[in-house]
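The structure under discussion appears below in the form of structure tokens.
The values are calculated or read from the model by the stated rules, or taken from the named source; none is laboratory data. Owing to the predicted nature of the structure, the values given are computational and were not obtained by experimental measurement. Neighbour counts are summed over all protein chains in view; Cβ atoms, including those assigned to glycine, are modelled from backbone coordinates with ideal geometry. Accessible surface areas use protein heavy atoms only, side chains included; no ligands, DNA or RNA. Shrake-Rupley method; radii C 1.70, N 1.55, O 1.52, S 1.80 Å.
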Amino acid sequence: MAHDCSFLADVLEADQVAVDETARDGHAADWGAEQTGEGVRPDAVAYPESTADVAAVLAGATERGVPVTPYAAGTGLEGNAVPAHGGISLDLTRMDAVLDVRPDDFQVDVEPGVMGPAIEDAVAAHGLFFPPLPSSGDISTVGGMIANDASGMQTVKYGEVADWVLELEAVLADGSVITAGSRAVKTSSGYNLKDVVVGSEGTLAVVTRATLELAGLPEQIRGGRAIFPSLEAATEAVFDAVRSGVDVAKIELVDDTSARMVNDYLDTGLPDVPMVFLEFHANHGVDEEVAFCESIFESHDVREFETRDEEAMADLWDAREQLAYAVQAFDPSLESLTPGDVTVPISEYPGLVVYVDELASEHDLLVPCFGHAGDGNLHYTVLVDPADPDEVERGEDVHGAVVERALSVGGTATGEHGVGQGKREYLVAEHGEASVEAMRAIKRALDPTDTLNPGKIFPETADGERVRGTAPGPPVED
């Protein structure tokens with residue numbers, strides 16, 4: 001049913017509220033939901049410009065039983081920003097200021113609508129950078145990265161976004177403003193609310209300010225590409241390099257199918273064979289580290305190991321970053337069932353990749369594989385003809401089998417995209433019912449009316465059930 005969002009006119013300026021079809025359609029889905037046609041149009045779009053604005057919207061919405069779904073750049077892949085129960089889409093992109101840079105402390109304060117390039121531009125003059133930016137960092141907001149606990153190509157060396165968040169200001173569903181964490185690099189004071197908010201996908205609070213830790217720009221950067229005779233050889237080489245302690249900043253797998261697709265899309269001239277893209281960061285001794293890696297790869301029958309200058313490496317990384325678009329454009333008659341995003345312990349990575357390759361052959365499907373191999377993260381896309389029910393069924397079998405394999409060896413159903421709507425069915429299998437109920441208890445305590453981003457994460461929400469507390473209050477039926 002439609003929700004009455006007219007109260008927004010009392011708490012925001014006229015240009016901060018939109019109810020026209022264009023604005024509402026533009027906030028019905030994220031990138032992933034657009035591909036699967038699973039968008040839901042909100043009743044209104046709100047554009048807060050301050051923490052006070054966010055607090056006013058949430059307080060008013062909770063009082064009236066109106067759902068609120070935070071929205072950033074819309075680049076999510078699991079329907080995280082879909083307003084599943086209508087209500088308000090809370091667009092935070094106007095809160096896009098870099099508030100303060102403190103180079104002596106290696107810190108920057110930003111609002112949630114800031115995108116990756118703005119951070120890099122603000123801190124580069126001080127010889128600093130923000131290491132955990134995801135591959136989509138140039139089109140993603142900090143708020144979205146924090147909400148999904150994003151990570152990217154440099155996770156193998158620097159860790160994920162959560163590892164670089166020091167302090168958060170956030171607004172709870174009732175409009176209360178909290179501060180979580182500290183600007184100190186460590187604290188043991190009280191519950192770790194910061195890490196409760198990070199990765200909660202906007203279901204617990206809305207981040208309005210973040211203090212991020214920075215690192216010094218490396219003095220030496222080397223990049224390269226390695227070509228292997230088989231997918232198994234490539235993945236075993238990656239595992240051996242990580243196990244042996246090679247200090248690598250990026251180590252990315254591209255299988256032969258992915259290489260063919262990106263060649264078609266960008267005309268890159270890459271060979272249609274399994275490859276590993278590499279980048280090394282150091283302040284001294286980088287050439288020795290490159291040589292160490294090459295020696296390990298040689299024991300896995302590497303056909304070619306080449307280093308490139310910065311400009312040539314930029315072309316390689318562009319090809320890697322464009323892979324999602326290349327897969328989408330490869331064959332107009334095929335569609336992606338779901339964006340695969342499993343992560344496993346690094347020792348299990350070679351077996352997982354080979355398993356996916358075998359499944360693709362057995363089910364006669366195109367399943368390109370690529371990913372942040374150094375941290376055990378595999379992206380795969382099961383491509384099917386949506387007009388062929390048998391092919392769709394085979395595709396669903398493949399996708400399910402891959403996730404189940406990842407969970408069976410101690411991995412996760414989602415390494416960086418979040419649960420959203422797409423991975424709800426695997427939550428209990430991964431964590432156990434007791435752990436999921438503990439998550440529900442946190443949700444009920446902080447958001448008893450289920451105002452914030454309802455319909456996400458929990459298995460029961462796939463059937464429309466809401467995660468609500470027992471606190472007295474106004475009706476929250478929708």
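Tabulated values for the structure
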| item | result |
| --- | --- |
| Residue among E348, E298 that alone is touching a residue at least 24 places away in the same chain (Cβ under 8 Å) and surrounded by fewer than 22 Cβ atoms within 10 Å (Cβ to Cβ) | E348 |
| The lone exception for S258 - which of (1) of a type outside the set (A, V, I, L, M, F, W, C); (2) more than 17 Å from I346 (Cβ to Cβ); (3) open to solvent by 50 Å² or more (accessible area, probe 1.4 Å) it fails | (3) |
| So S140, is it within 24 Å of T51 (Cβ to Cβ) and surrounded by 15 or more Cβ atoms within 10 Å (Cβ to Cβ) | yes |
| Some residue of region 422-441 being at pLDDT below 95 and either open to solvent by less than 60 Å² (accessible area, probe 1.4 Å) or within 26 Å of Y325 (Cβ to Cβ) (or both) | yes |
| Residues that are over 21 Å from P339 (Cβ atoms) and surrounded by 15 or more Cβ atoms within 10 Å (Cβ to Cβ), drawn from region 443-465 | K443, R444, L446, D447, P448, T449, D450, T451, L452, P454 |
| Residue count for region 134-176, restricted to those that are over 20 Å from G32 (Cβ atoms), assigned to a helix (DSSP H, G or I) and of a type outside the set (A, V, I, L, M, F, W, C) | 4 |
| Some residue of region 293-300 being in contact with a Phe, Trp or Tyr (Cβ under 6 Å, 6 or more places away or on another chain) and at pLDDT 95 or above | yes |
| Members of region 355-383 that are open to solvent by less than 50 Å² (accessible area, probe 1.4 Å) and more than 24 Å from the chain's Cα centre (by Cα) | L359, A360, H363, L365 |
| Any hit, region 198-206, residues being β-branched (V, I, T) and farther than 28 Å from L128 by Cβ | yes |
